[in-house]
Structure formats: structure tokens, C-alpha cells
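The values are calculated or read from the model by the stated rules, or taken from the named source; none is laboratory data. From a predicted model like this one, the values you see are computed outputs, not experimental measurements. Every residue, glycine among them, receives a Cβ derived from its backbone with ideal geometry; neighbour counts consider all protein chains shown. To get the accessible areas, we keep the full protein, side chains included, count just its heavy atoms, and leave off ligands, DNA and RNA. Shrake-Rupley method; radii C 1.70, N 1.55, O 1.52, S 1.80 Å.
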Amino acid sequence: MEIWAHRGCSYRYPENTISSFRAACEYEITGIEFDVQLSRDGELVVIHDEKVDRTTNGTGNVCDMTLDELKQLRMIPNKNTGLLYETIPTLREVLSVLAPECREKGILLNIELKNSVVRYEGMEQKLLAVIHEFGLERFVIYSSFNPESVRLLKQLEPEVKTGILAASLKHCLEINREIEADALHPYIHQLDVPDIRQHTVLPIRVWNLRKNEPFFPEESAIEKYNLEELEQEGITDVFTNCPENYVKKRLYRTEPDMIFTAGKRINEENGFAESADAESFATLLFSKAEAGSRLHWKSTEYGYQIYIYTLETEERLIYTYCYQEEENWASYSREKSVPALSREDYTFGESCYFRLVVQPVGDNRRGGLPGASELLEFFAPRERAYVSPSYFQAELMLTAETVKDIRKADDLVFILLSDSHYVNNGTWEDTAYNILELSGQVGPDAVIHLGDLTDGMLPIALTKEYAGRVLHSLKQTGAPVYVCLGNHDSNYFRNNPEKMTETEMSGFYLEREKPYYYVDYPRQKLRVLFLYSFDYREKVRYGFPKEEVEWVESTLAQTEDGWSVLVFSHVPPLPEIHYWSDEIRNGEELMRVLEAYHAGEGHTVLGYIHGHNHAEQIYTERAFPIVSVGCNKLEDFKDKKPEGSLTFDRKRHTVTQDLWDVLVVSGDKQRMSFIRFGAGEDRIVEC
Ligand code: G3P
Ligand code: CA
């Protein structure tokens, strides 16, 4: 049975829209059906009714409105894509999206000319011309409830394929005796010609009524066809609002990028990786599978077990001070896992994360586990482009406007964030998109991350993978990325045996030799210091090495008069604004050096900006303001915070899910404006 998407995937998306057509292309459909009408000024537009009332926020006849007027209207809100509203698409817009899909996947188009109520003179000629323009002749079938229109299309171009639309099969046959079309398109519940195959060899494509096949956003149940029965009745094709019910997603072969670690297995009770004998291999990183994906096992020497982790996140992980083992926010699902050693293919019913354990099944294996691509093949739907939810779109607009409003020619603009604590299935993807999008609009001078890119509890290779994802996203902005090392970045947390040395950290995170450094902005006469504020080998772990304080002193001494200095670190410099220790190693010494410099003629420290506290604070008890930046990770635990600091409420799937700043340092160095994206508020600090 051939399955057609009727007005696109119109059960899940507004009918006859680009999003409903895009969704249809993701499935193994035969084709897409859609309807065309003509605007007052003669533009072919894709809309079913002669009036705009049912599907848009407007009223009136399509034929009475110009394209401009039609384009003012918005389709009903589309909750699935996050797009607020789409407009009525023109035929050309639709074909620009669908033409490559037709060519690549062989998707056919059934264009229904809606010209039985309003005749739309000249519509046929216009339509044929547009199809030629796109070179889509071999993919299109034309149909209409108006037999004269079908006849005219054939007269104009005898080689086109046509279909007769009518309310019953009998009627289709009658019309076809005169018109000689290429297919019959009857109503599914009026198949009133017994033994139809005695009468015609033409394809018979059936359609349904709205009451049995609802359209988005109606959520009433949809009639499910018995395809076998229909086939026995001689039906060849079905138009349906929900092709998802009948055909699978299109799958594409992807390279499995899994790395198997020897001597590991997954604990069946809790889903955590644990040690095993050398012949057991496990993927420690979580692979993501879209619903419908298929894992094809190739190896005869090895079998695999699959462990499934759902996309659900336990609330306690988000909203409390809790480090999840293995830095993972996906829920382990024991019931959905297949712990038996298998060599069968596995199809993923729902989108999820998974890990594999591989073990030998026979004695005839060669030495060493072959690479992933020799063991298995992976087939997955094409990844959908990230769609920014509306609450972030609005925040992006607002933040960009605020920055553009206050920004003067010589101002410096930094994207500033801290404590991302990347977790699998966390919210980094949203943050990364938001930062990239805003950077595109404001063109920052740099992106500054104040440390703790991950929790630092994993084997080094995995920590580097996760931290690498954070760094990679930030580098995508095209701006220089400056990082201050955070305590977790040393991979020391919870007695992690795979700690990173200072040199290793500097190389990996900073691409520098030393963990502290400075960057100059000569035009603004600003020197920016990025400091290192933690050492797990020290008794007082939070603080600054002596050599670093000396380096700060000599760096300041070498800073030209009339320049200003701005300082960043992960940990704050003073114990009174730090919850986790009563002492900050060499903190006072560092402050003394900075304050002495600040007191000097023609010298200014604009401020000291840090992360680590997962709280907001502007501390003004010292010679210059010390500003704490809240936690980028979605987390809102309120305890264990320095006195006087503030922690904002956060909630997933709202704008407060994200938190970072655009820091605008005014060219005259009188002011630092922290323009907040997400939870919290803008802060202006006078210097
Ligand atoms: O072309 C098949 C079908 O779409 C005809 O009915 O009202 O859904 O356009 P309708
Ligand atoms: Ca139609």
C-alpha cells in the first residue's frame, strides 16, 4: 500500500504548512498531497479552504486577498515545532523545500487544484509553469474535484499525470470515461463498485473526511485504516493525516562512534559502569538513539547487551546540590534494557540514550576487540535541526536589543558564563545555541568561561569529551574563548583517581603553558587577568599559588599608566564571600597586591569577577567591586551560600533554565553592565 501524507503530517502539524511537509519527508511515504488556491493578485498559495477562517487568525476569501494580505496572517500556533506561527506558504516556498526531497528520496507530490468552488481562471497554466520552473514534472500528479480542470491540464500538457477526485468510486469511474485521467481519487467510505479491478487498472487513491481523520491541533482519536482489507478491495494508495501510523522514519546509515573500554560492564540494577573481567567491553559514553533507529549487529564472534537510559530527568538532580554519578541526567531504565547477550538487530521504540556491553560468544575469536564499525552498523533518522523554544527566542531578542541599546563604539562586549557542570541529557545544548545565536547578533570581543565545565568525576578521557563539547560550542561563536580553571576541572572530585595536573589542565582547557594569563585590549587600555584559584594538592585547596600572586604583582607593575585592569577567577579571593572554606590560600595577599595597584596614581582595578559560588553577589566592602556570577547549569539549591548572596529560582523549559551574562565594559571604563540571559536580572556596576 502506498502511503501519502495528506496536507503533510497534518495530525501533528498545522495542515499545508512547511513544517507539516518537512515532517512528512522524515517518513518512508510515497508522496505528499496538498491544495492550491490563487490569491487576488494571482499568486499560487497552499491552503485547503476557499476561506482563511478555519486555519489562520484571519477572515475572508483567499481570492479576495492579495499575497501581501495573506502573508499578514498566521497559521494556528504550532506547539510541536516551538515556532509561534507560520504563514500561509506560497507554492514556490513549498517547492523550494520539497524539490530536493523529491529528487533525493523520490517523494511524489499530489497537487490538488481547489477550483471547483472558485474557478480561478488561468490557474492550470500558472501551476504548470511553476512546476517547470522547479523541474519537478516527473514527480507531480494533478487532481481536482473539477473534471474540466483535469481535462484542461491534459490538453495543455498531455504527458502530465492526473487523478479524478470525487465523493465515490462510482462517480470517479463515470467521470473518467470522459476525461481519461491516470488515477481515481475516491472518498474512502464510498467504495461503491464491487470488484473494481474488473473495471479499471488505474491506481485508486483514497482520502477521508475530517471527522475520521482530525487535523492538528484537534487531539481526538484518528481512524486507523485496515490496509490489508483495503488492498483486497483493490485500493493502491491511501492519503492520511497521520502517515506516522503506517510507515517508518527514513533511516540513514551512520558511523558508530562508540569506544569500547576493556574490563568494564554495566551494573544491571543501577546502570552504572563497573569493573569486570578483561573480556567484557563497555561503551562508557552515552550514545543517543532517535525513536525508530536500528542497531544492526554484524559480529559473529561477539554478542552485545544493551542498556537503555530514558530522556527523563529526576527532579532531584536538577534542583538540588547533587552530583549524579557518571555525570548523567538520563534515567536508567532497567525494564527497557535487554541484558541477555544478543546478536540480533535492535530497534529503538523511543528516543533514548544507551550503552553497550560486548562479550565473546564463541572460542574461535581473534585477539582483541575489533572497532565499532566492524561490530555493528547503526541506522538512524536524519537529525533534525535544533529549534529554539519560543521563551528563548523572546529572551534572545530582548538581550540583543538591550546590548545594542547601551553599547557605545569603544565598549567591550564579553559573553560571560560560569559553572556549566556539563551532564549527559542536561541543558548545555540550549545554552550553546543561545550563546551562538546571541553572539551572531552582537559580535562579542570574547567568550569568558569562569570554570567548572564538568563535575570532574569521570575517567579523564570522558571528562575531556564532555568539557570538549563545552569548549567546542563556545568556539563556534568565532570569538576568542578565555577560561579560568575551576576546581572541578582538575577532575579531582569524589576522589577521582584520574586527576589532571596543572600542565595538563593548562594545555587542555586554556591551550597555554601556565594556568594564569592576561589579555590586553590596547584600544580600551584594558588588561584582563585570568587567574588560577584551586589546587587539590594543597592543604588549603581554594586559593592562589604564591608564584601566581608574584606574577600578578609583576604584571601590574608592567602595566602602562592610564590602563585599567579587570580580574577573573573561578573561586572568589576572600573567605567572607566563600562558603566552602574559612581560608582562601594567599587570597589576602592577592587582594593586597590588587588594592595597592588600584590605590596608585593612574591605576584602576575595575573589578574582580568570579564564579564557583553558584550565587549572585556584588561585594563592595573592598577597594573595587567583587562580582559573583551565578551558575550556568540548571540548579537552584539555596543553601551553602555566602551571606548576602542571592540564588534565583530555576525551572526547566522556561527562560530561567539558562543563566549567563553579556558583560559590557564601557569604553570610558566607568561602568560594567551585566546583561542577564535567563534567570536573574541585569546588574550595573559603577567602577
Ligand atoms: O486529494 C485528496 C483529498 O485531499 C480530497 O479532499 O477535502 O481533503 O481536499 P480534501
Ligand atoms: Ca486535498
So Glu383 and Ala99, fully extended at 0.36 nm per residue minus their Cα-Cα distance, gain in nm 100.3 nm
Percent RCO, i.e. relative contact order, over the chain, from Cα pairs under 8 Å lying at least 6 residues apart: 9
Per the 1/(1 + (r/R0)^6) rule, R0 = 35 Å and r from the Cβ atoms of Ser351 and Lys211, FRET efficiency to 0.05 is 0.65
Give me the compactness ratio for the chain, meaning the Cα radius of gyration over 2.2 N^0.38 Å. 1.20
Show me, for region 333-343, the HN-Hα J-couplings you get by feeding each phi into the Karplus relation (A = 6.51, B = -1.76, C = 1.60, θ = phi - 60°), rounded to Hz, glycine and proline as x. 10, 5, 5, 8, 8, 10, x, 5, 5, 10, 10
At R0 = 41 Å, FRET efficiency that the Cβ-Cβ distance of Asp277 and Ser390 yields, to 0.05: 0.20
Rounded to two decimals, what is Rg over Rh for region 195-248 when you use alpha-carbon atoms and the Kirkwood radius? 1.03
Neighbour-limited loop hits for GluC sites (Glu not before Pro), region 355-435 (at most 10 other Cβ within 10 Å; DSSP other than H, G, I, E, B): Glu383
Can you list residues from other chains, or at least 5 along the same chain, whose modelled amide H is less than 5 Å from the amide H of Val481? Val447
Write out the GluC sites (Glu not before Pro) in region 98-207 meeting two conditions: DSSP loop, and at most 16 other Cβ atoms within 10 Å of their Cβ. Glu121, Glu159, Glu180
GluC sites (Glu not before Pro) within region 621-687, DSSP loop, no more than 12 other Cβ atoms inside 10 Å: Glu621, Glu643, Glu681
Expected output is a single nm value to one decimal: the length gained when fully extending between Tyr85 and Glu595, i.e. 0.36 nm times separation in residues minus the C-alpha distance. What is it? 178.1 nm
DSSP-defined beta bridges in region 390-686 - what % are antiparallel, rounded to 5: 55
Could you state the accessible area per residue of the chain in Å², with a 1.4 Å probe and every protein chain left in place? 42
Among beta bridges that DSSP assigns inside the chain, antiparallel share in %, nearest 5: 55
Nearest 10 degrees is fine. How inclined is helix 147-156 to the longest principal axis of the chain, computing both from alpha carbons? 80
Where does helix 460-475 land angle-wise versus the long Cα axis of the chain, in degrees 0 to 90, nearest 10? 70
Relative contact order for region 252-380, counting Cα pairs under 8 Å that sit 6 or more residues apart, in percent: 40
Report, in listed order, any pair from Lys248/Lys475; Lys475/Lys640; Lys288/Lys651; Lys51/Lys211; Lys248/Lys633 with a Cα-Cα distance greater than 27 Å. Lys248/Lys475; Lys475/Lys640; Lys248/Lys633
More than 16 angstrom separation, counting every C-alpha pair in region 252-380; what % is that? 62
Taking the 0 to 90 degree range and rounding to the nearest ten, how far is the long axis of helix 123-134 tilted relative to the main principal axis of the chain, both from C-alpha atoms? 50
Long-range amide H contacts for Ile609: which residues qualify at under 5 Å (H placed 1.01 Å from N, peptide plane, sequence gap of 5 or more or a different chain)? Val567, Phe568, Ser569, Val627
Compute the relative contact order of region 390-686 as a whole-number percentage, counting only Cα pairs closer than 8 Å that sit 6 or more residues apart in sequence. 19
Taking R0 as 41 Å, what's the FRET efficiency between Leu156 and Thr254 from their Cβ-Cβ distance, rounded to 0.05? 0.35
Which lysines does Lys525 reach when only Cα atoms under 18 Å apart count, and residues fewer than 8 places away in its own chain are ignored? Lys408, Lys669
Listed by chain and number, the residues whose amide H is under 5 Å from that of Val423, excluding neighbours fewer than 5 places away on the same chain and using placed H, are Trp428
For region 390-686, state the average projected area of the convex hull of the C-alpha atoms over all orientations, rounded to one decimal in nm². 14.0
Inter-site label distance for Thr320 and Ser581 at 7 Å from Cα along Cβ, in nm: 2.7
For the chain, with all protein chains present and a 1.4 Å probe, just round the carbon and sulfur fraction of the accessible area to a whole percent. 48
Yeah, region 59-143 with a ≥ b ≥ c from its alpha-carbon gyration tensor (a/c under 1.5 is rounded, else prolate when a/b outruns b/c, oblate otherwise) is oblate
Provide the percentage of antiparallel DSSP beta bridges, counting only those with both residues in region 2-245; round to the nearest 5. 15
